[in-house]
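Student: My questions will all concern the structure given below.
The values are calculated or read from the model by the stated rules, or taken from the named source; none is laboratory data. In this text the structure is predicted, and so the values were computed from the model without any measurement.
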Amino acid sequence: MPKRNGRPRVGRPFPPAAVAAAIATAAEAHRRLTRLAREAARNETNETQRSAAQHITRTK
């Protein structure tokens, strides 16, 4: 990066396309993570509800 009088060149440090790509990648990863977390939470609640129902029917 060319420097004038000791200071870096004025302007955007990263090209906008690279920034957009990085943001898109991060957003995609975040979406994937949230979907996985949501599915895991749903499975967790299903299992706990199922075990609770089994417990109720067993104790009757």
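Student: Would you mention how many residues in the stretch 15-25 are more than 21 Å from the chain's Cα centre (by Cα) and modelled with pLDDT of 90 or more?
Tutor: Of the residues in the stretch 15-25, the ones more than 21 Å from the chain's Cα centre (by Cα) are 15-17.
Subsequent filtering for residues that are modelled with pLDDT of 90 or more retains none.
So the answer is 0.
Student: If you check E28, E44, E39, which single one turns out to be modelled with pLDDT under 85, part of a helix (DSSP H, G or I) and among the charged types (D, E, K, R)?
Tutor: E44
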